[in-house]
Amino acid sequence: MRVAQARADKCIADLTAKEGRAVAACSAVGDGLAERMAANGLHYGTLLEIGTYHGVGAIVLAHFADRVITVDVTPPSDRQALRDIYRWLEPDIAARICQVWVPDNAAKATLVASLHFDMAFLDGGHSEMQTALDFRITRKCGTCLFHDYPMSGSGCDGPGIVLDRASDENDGVVTTCEPFGWWRAA
Ligand SMILES: C[S@@+](CC[C@H](N)C(=O)[O-])C[C@H]1O[C@@H](n2cnc3c(N)ncnc32)[C@H](O)[C@@H]1O
């Protein structure tokens, strides 16, 4: 796993050297996503990410899964979408990532219901409503990693509220390592 982490870190360092640091803005990579995934110690078959943005988090996740499906409601044309930075990636990493744009939450829920995946990374909308929805539709996989736990204020306190509620209600096993939080089915 430490090899995967080192490879992911180098991949992002190379990418930001070529594209500029802005490509990783707002990404979980700056908060140690690769380190979190390495510490988790598992390599997944299919990993689902909610919230693609520029796709940098998906690149890190692709070092810890055979396939990453990353879903966003903002059209790729309105963000620097993954396909633009694919050209810098090792082909084996690029081939693992499938980027899907959906127009709204209803389409996202329909898509996710049709997918089989082993882990979910929740980093889309951060309101309580959005986070609760994403948790509801992805928890079937048994392992959800939330970014931005327990961010408060600015309408971004969803991960904190949703994970703390799960913990209070003994719903699964919650472990936190700020700014991340894991939920695992009991
Ligand atoms: C913080 S960025 C994601 C960063 C990315 N996970 C990474 O680590 O590089 C949040 C993304 O969530 C998307 N988003 C916002 N609301 C969403 C929703 N309801 N469903 C899915 N994605 C959403 C935004 O368009 C934005 O691209």
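All of the numbers you see were taken from the coordinates with simple rules; none came from a lab. Keep in mind that what you see is a predicted model, and the values were worked out from it rather than measured. In this analysis, Cβ positions are derived from the backbone assuming ideal geometry, glycine residues included, and neighbour counts consider all displayed protein chains.
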Given springs between every Cα pair under 10 Å in a Gaussian network model of the chain, which of Ser127, Ser152, Ser27 has the largest fluctuation?
Ser152
Label model pair Arg87, Val100: point-to-point distance (7 angstrom along the Cα→beta-carbon line) in nm is 2.8
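Would you calculate a helix-derived [θ] at 222 nm for the chain, using -39,500 (n - 2.57) for each DSSP H run of n ≥ 4 and dividing by the full residue count, to the nearest 500?
Working: 8 runs with 72 residues, N = 186.
Only helices count here, giving -11000 deg cm²/dmol.
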Under 23 Å from the Cα of Lys10 - lysines, other chains or at least 8 residues apart
Lys18
Based on alpha-carbon centroids, what's the gap between segment 83-119 and segment 1-58 in Å, whole number please?
15
The relative contact order of segment 52-186, taking Cα pairs under 8 Å that sit 6 or more residues apart, comes to a percentage of 18
The chain: Rg/Rh from Cα coordinates, Kirkwood Rh?
0.94
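So for Val23, Val3, fewest C-beta neighbours within 10 Å to most, what's the order?
Numbers: Val23 20, Val3 9.
Ascending number of Cβ neighbours within 10 Å: Val3, Val23.
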Taking +1 at the Cβ of each Lys and Arg and -1 at the Cβ of each Asp and Glu, which of Thr143, Gly41, Tyr86 sits farthest along the dipole of the chain towards its positive end, judged by Cα position relative to the Cα centre?
Tyr86
Charge sum, other residues only, whose C-beta stays under 10 Å from Tyr149's C-beta, Lys/Arg counted +1 and Asp/Glu -1
-4
In degrees from 0 to 90, rounded to the nearest 10, what is the angle of the helix 128-138 Cα long axis to the longest principal axis of the chain?
80
Highest first, please rank the peptides 50-56, 103-109 by the mean number of other Cβ atoms sitting within 10 Å of their residues.
50-56, 103-109
